[in-house]
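Report on the following structure.
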Amino acid sequence: MLELIVISTLNGVLFGMLLFLLSSGLTVIFSMMGVLNFAHASFYMLGAFFGYQLTRWIGFWPALIIAPLLVGVVGMAVERYGLRATHKHGHVAELLLTFGLAFAIEEIVSMIWGKSPMDYRVPALLDFPAFTIFSTNYPAYKLFMLTVSVLIFLALLVVLKRTRIGLIVQAALTHPNMVAHLGHNVGRIFMLVFGVGSALAGVAGVIAGPALVTQSDMAALLGPILFVVIVFGGLGSLPGAFIASLVIGLVQTFAVALNGSLASAFGPLDPSLGPSVLSDIWNVTIAQIAPILPYVLLVLILIVRPLGLMGTRET
Amino acid sequence: MSAAIEVQAVEKRFGNVRIIQDLNLSVAKGERHAVIGPNGAGKSTTFNLISGHIAPTSGEIRLNGEVISGLRPFEINRRGLSRSFQVTNVFARMTVWENVRCAVLWATGHRYAFWKNVDELPEVRRRTAEILEDIHLFHRRDIPAGLLTYAEQRELEIGITIAGGADVILLDEPTAGMSHAETERAVALIRRLTEGRTLVIVEHDMSVVFGLADRISVLVYGRVIASGTPEEIRGNPKVKEAYLGEEAH
Amino acid sequence: MSDTATSAVDIKAQSRGQNLRFYGIWVIAAIVLIVLPMIFSSGGSLTSFSLIGISIIFALSYNILLGQTGLLSFGHAVHYGLGGFLAIHAMNAVIARGWSIPLPLIPLVGGVGGLAIAIVVGWVITKRAGTVFAMISLGIGELVASSSLILRSVFGGESGVTTNRTDLPQVFGWNFGPQIQIYYLIAFWLMISAIAMYALTRTPLGRICNAVRDNPERVEFIGYDPHVVRYLAYCFAGFFAGIAGGLSAINFEIANSAYLGAVQSGIVLFATFIGGTAYFFGPILGAILVTYLQLGLTSVTTVWQLYFGVIFIGIVMFAPGGIAGLLMMHRPLVRAGSLGLMIPAYLIALVPTVALACGVILAIEIIARQHLPADAQIINLLGIPFSATSPATWLTSVILIVGGYFVARLTWQRIADAWDRATTIARDRGYLA
């Protein structure tokens, strides 16, 4: 049991940090531009596929740098040629544009790479158990993922606190209307922020690709959870996104690891009752309901705190 | 007789910033009351507090004797208070006719009805047409509100505000940005439409204020420093110092 | 000053004239629905018409949210799907218990299913509008779709729940086995639902929905609670989506988890938006086009969803009013008689634009075929066979895209110029504000 708790905590924090790599970019983009980028998870997927392809051509380490840059360039192009032209039609049109993009990117990816999982392997350098805890070998690659995401997290903090663009972003987080007064280079700042946000999603994709499954439906699977994270944390709140990422990461990881059900706790139902909703609920394991837990949390928080955990903003 | 609006010791803070402190204001029934004050004095915030757009941090607001502080805007509206906005706030994609008609619907008792044809409600049609005639926009009734000229949108704003038949009307700078001729027309319009109702108006144009108001309250830094008839206000040294004096230069 | 009484009478007369035209349109629609299967009587077209009818109801119900109330939902299929499941279970119960409920009433059961879930979840979902509403609807959609896989006894797991529609009590000697009978059942419900949904737009609630869409803040100051308005709109949308789901369950005699899924929610959004949300008939056009493309494209290409995405992105960026919006833009020109100025510009632009589109299609198809076996390497475009592996095809594609784009850009400029001239005339003649 202790083993399960330690391992699940590690994995949960890891998943949470990955989520935060994505949700931080999404939150900053939303705060500054008012756009909820539906295609954000697609940039994560592009990161994984670019990472996979570049790893095959030039190896993992160069890919780790180049793939996110490529994703960042794609993101900047989307901002420059897509969102900027759509801006005059309002935020719903912008959201719809990114929705269409998410759809198209999934199709393009499966068109080029097919629909089956890629053989995206952990680099040989990191393919060893870092330590053994109880009887479980904890892979070094996971520690590497954790290190990368924590490093990026710290780098982000420094950028936010110490640079001019960071100050602008911070101001935008607290005073969204201020962004309009930035002056003539607002377009470039938007493009840059969108590019960096996409690149962060790209990094998450490159490092998560070998550990999770690199497949053309990975964006569609992660996207909704990502939106739960930022609504749960409170739209436009970075600390909220951070807490929500960790909470959802831990909840999901623990749920997957637990195999208990009402049946295993209280014994099986009387078989004469036959199959019913009750027996479905009685026999379902916690692991099986793991996918729906984020949404349950979402509904609960909206009933208790409609603005989300740390949200202060109406829209 | 109780006052139409009674604001008692109201305070509003945003975080640690006190926008309104110890605000006291009383508007008698049927009175035309102007609220003036320098920029940033809290005039619009006062309107937002009375109309329920924001809730006071402490204190009490009464409408016709009934406590309304803490109620939602639509609850206050249903009790007979209606307001306009400083920045034009109409239904841009709907026609002028629809704009006014929507503002008539609740007051005529049709509420959320989904079983009535909105075009077949004679009372609604009559009132909508009357109000459009009153605000001189009847000939523009089929134009989407977003395509009206600025002055027309300001008039529509007033039309939407009075359409529900509320007996307490709050107008937030109704003549802002209008030319001299447009302002005169708007003042005549306001005078006529608010006949027999209580009017509270925020206004920067002193000729409008002194021409229209029965009583005036002067708001400085979130506090009412003087309240009285136009003559009293004109002669009040505190007002001269804090407000009119600055403006006169 | 004109007399108020007479002007009010004017308006009444005006609306009566509109009413007459309006009843005419519905009668024509009904006649078209009746006659259609007599002209196109093949089994394939009957199936297509049935599917189109269902998706029209579904898209119209979606537009109560998106077009009328300004709510962008990513989870509308929840109501469609649960309506379908309830209809299936109702049919099985009718068969098992021998109740005397005939099949034509089953879609109503579907509607009740869609409405029931809307009543339950709607209050929470509609607390917020805008982006948050969109995200919550997505979350609820995922929640229901995932739960449906857990509650196997209700949703039948991966395989779904089946029924046999011919086992229900018969009416007028129809057993609803043949597709033609199902077609007329769908057409009947299509008429009823479309009329009801149109009528809804002309009620006090319908108009206040528009007001909430345009400016929810101001609505609070004319006595309405925008949350209640959104909630009621959500319930109506859920009800009609449930009817569509019920019809779908009858049509396929099965309901499975795909009914409730994100794809279904996405497609109804596509159809509604492509058709145009600002006009009542927009979603009808969209549903016809998208269903037709869905049926037509699946047999020609493996990447039909990509074409959907591309069309959708194009509409969002360049014509956010959708097809209906594009059509209605020309109405003042038709009235002013200046449409003639536009036609030559359109015709000239058509050639390079089609060339550009063909180039893009070729490029997409070449890439799409790289995983396919050798016998699938022939791309048939406008009757010309291209080999996906040949460099000549690549070259053709590049030439079409680059050349087409540069020529097309010039002709688009011509359209813009012609548009300016045509609208100026319309404005001068008083047909345009």
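The values are calculated or read from the model by the stated rules, or taken from the named source; none is laboratory data. For clarity, every value in this text was computed on a predicted model and none was experimentally measured. Glycine also receives a Cβ, built like all others from the backbone with ideal geometry; neighbour counts cover every protein chain displayed.
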Worksheet, complete the sentence: Of (1) part of a helix (DSSP H, G or I); (2) crowded, with 17+ Cβ neighbours inside 10 Å; (3) within 13 Å of another protein chain (Cβ to nearest Cβ); (4) touching a helix residue (DSSP H, G or I) at 6+ places or on another chain (Cβ under 8 Å), residue B:151 satisfies every one except (3)
Worksheet item: Considering B:29, B:43, B:12, which residue is surrounded by fewer than 18 Cβ atoms within 10 Å (Cβ to Cβ), of a type outside the set (Asp, Glu) and more than 14 Å from every other protein chain (Cβ to nearest Cβ)?
Response: B:29
Fill in: Qualifying position, being within 14 Å of chain A (Cβ to nearest Cβ) and hydrophobic (A, V, I, L, M, F, W, C), among C:108, C:143, C:103, C:115
C:143
Worksheet item: Does residue C:141 count as at pLDDT 90 or above and either in contact with a Cys (Cβ under 9 Å, 6 or more places away or on another chain) or of a type outside the set (S, T, N, Q) (or both)?
Response: yes
Worksheet entry | Candidate set: the range B:85-130, residues that are hydroxyl-bearing (Ser, Thr, Tyr) and outside any strand (DSSP E or B); chosen: the one nearest to residue B:53 (Cα to Cα) | B:88
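The rows are residues; the columns are (1) at pLDDT below 90; (2) closer than 21 Å to residue A:249 by Cβ; (3) surrounded by fewer than 23 Cβ atoms within 10 Å (Cβ to Cβ); (4) in contact with a Ser or Thr (Cβ under 8 Å, 6 or more places away or on another chain).
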{"site": "A:21", "(1), (2), (3), (4)": "no, yes, no, yes"}
{"site": "A:38", "(1), (2), (3), (4)": "no, no, no, yes"}
{"site": "A:46", "(1), (2), (3), (4)": "no, no, no, no"}
{"site": "A:57", "(1), (2), (3), (4)": "no, no, yes, no"}
{"site": "A:61", "(1), (2), (3), (4)": "no, no, yes, no"}
{"site": "A:73", "(1), (2), (3), (4)": "no, no, yes, no"}
Response to the item:
Selection from the range C:193-207 of residues surrounded by fewer than 20 Cβ atoms within 10 Å (Cβ to Cβ) and more than 7 Å from chain B (Cβ to nearest Cβ) yields C:195, C:196, C:198, C:199, C:201
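Among the residues of the range A:277-315, write down those that are at pLDDT below 75 and within 10 Å of chain C (Cβ to nearest Cβ).
A:313, A:314, A:315
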Response to the item:
When (1) assigned to a helix (DSSP H, G or I); (2) buried (at least 23 other Cβ atoms within 10 Å of the Cβ) are applied to residue C:94, the one that fails is (2)
Discussion item. Testing residue B:78 on (1) on the phi > 0 side of the Ramachandran plot; (2) at pLDDT 95 or above, one condition comes back false. Which one is that?
Written reply: (1)
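Condition first: within 13 Å of the chain's Cα centre (by Cα), away from chain A (no Cβ under 14 Å) and at pLDDT 95 or above. Can you find one or more residues in the range C:257-277 that meet it? Before you say what the answer is, go through the steps one by one.
Pass one, the range C:257-277, residues within 13 Å of the chain's Cα centre (by Cα): C:264-277.
Subsequent filtering for residues that are away from chain A (no Cβ under 14 Å) retains none.
Looking for residues that are within 13 Å of the chain's Cα centre (by Cα), away from chain A (no Cβ under 14 Å) and at pLDDT 95 or above, one finds none in the range C:257-277, hence no.
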Response to the item:
For the range C:278-289, the count of residues that are β-branched (Val, Ile, Thr) and either surrounded by fewer than 24 Cβ atoms within 10 Å (Cβ to Cβ) or within 14 Å of chain A (Cβ to nearest Cβ) (or both) equals 1
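Per-residue answers, yes or no, for (1) within 20 Å of residue B:145 (Cα to Cα); (2) assigned to a helix (DSSP H, G or I); (3) at pLDDT 95 or above:
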residue: C:206; (1), (2), (3): yes, yes, yes
residue: C:210; (1), (2), (3): yes, yes, yes
residue: C:217; (1), (2), (3): yes, yes, no
residue: C:221; (1), (2), (3): yes, yes, yes
residue: C:227; (1), (2), (3): no, yes, yes
residue: C:231; (1), (2), (3): no, yes, yes
residue: C:234; (1), (2), (3): no, yes, yes
residue: C:238; (1), (2), (3): no, yes, yes
Worksheet, complete the sentence: Of those in the range C:118-140 that are in a helix (DSSP H, G or I) and hydroxyl-bearing (Ser, Thr, Tyr), the residue farthest from the other protein chains (Cβ to nearest Cβ) is C:137
Worksheet item: Can you tell which of C:100, C:148 is farther than 19 Å from residue C:183 by Cα, in contact (Cβ under 8 Å) with a residue 24 or more places away in the chain and out of contact with any helix residue (DSSP H, G or I) (no Cβ under 8 Å at 6 or more places or on another chain)?
Response: C:100
Worksheet, complete the sentence: Just one listed residue, out of A:254, A:194, is in contact (Cβ under 8 Å) with a residue 24 or more places away in the chain and more than 23 Å from residue A:14 (Cβ to Cβ), and it is A:194
Item to complete: Consider residue A:260 carefully, then state whether it is under 18 Å from residue A:201 (Cα atoms) and more than 14 Å from the chain's Cα centre (by Cα).
Response: no
Practice prompt. Determine the pairs where a residue that is more than 8 Å from every other protein chain (Cβ to nearest Cβ) and under 19 Å from residue B:43 (Cα atoms), located within the range B:76-99, has a partner that is among the small types (Gly, Ala, Ser) and surrounded by fewer than 21 Cβ atoms within 10 Å (Cβ to Cβ) with Cβ atoms under 7 Å apart, the partner being 6 or more residues away or on another chain.
Written response: B:86/B:44; B:86/B:176
Discussion item. Quick test for you: out of C:178, C:204, pick the one residue that is touching a His at 6+ places or on another chain (Cβ under 8 Å), at negative phi and free of Cβ contacts under 8 Å to residues at least 40 places away in the same chain.
Written reply: C:204
Worksheet item: within 28 Å of the chain's Cα centre (by Cα) and touching a residue at least 60 places away in the same chain (Cβ under 8 Å), is that true of residue C:336?
Response: no
Worksheet item: Quick check: is even one residue across the range C:290-299 among the β-branched types (Val, Ile, Thr), surrounded by fewer than 20 Cβ atoms within 10 Å (Cβ to Cβ), under 22 Å from residue C:51 (Cα atoms) and in the same structural domain as residue C:46 (by TED's automatic domain parsing)?
Response: yes
Item to complete: State whether one or more residues within the range C:232-253 are surrounded by fewer than 24 Cβ atoms within 10 Å (Cβ to Cβ), more than 11 Å from every other protein chain (Cβ to nearest Cβ) and in contact (Cβ under 8 Å) with a residue 60 or more places away in the chain.
Response: yes
Worksheet item: If you check B:188, B:166, which single one turns out to be part of a helix (DSSP H, G or I) and within 14 Å of chain C (Cβ to nearest Cβ)?
Response: B:188
Item to complete: Kindly indicate whether residue C:180 is more than 14 Å from chain A (Cβ to nearest Cβ), more than 21 Å from residue C:255 (Cβ to Cβ) and either modelled with pLDDT under 90 or surrounded by fewer than 19 Cβ atoms within 10 Å (Cβ to Cβ) (or both).
Response: yes
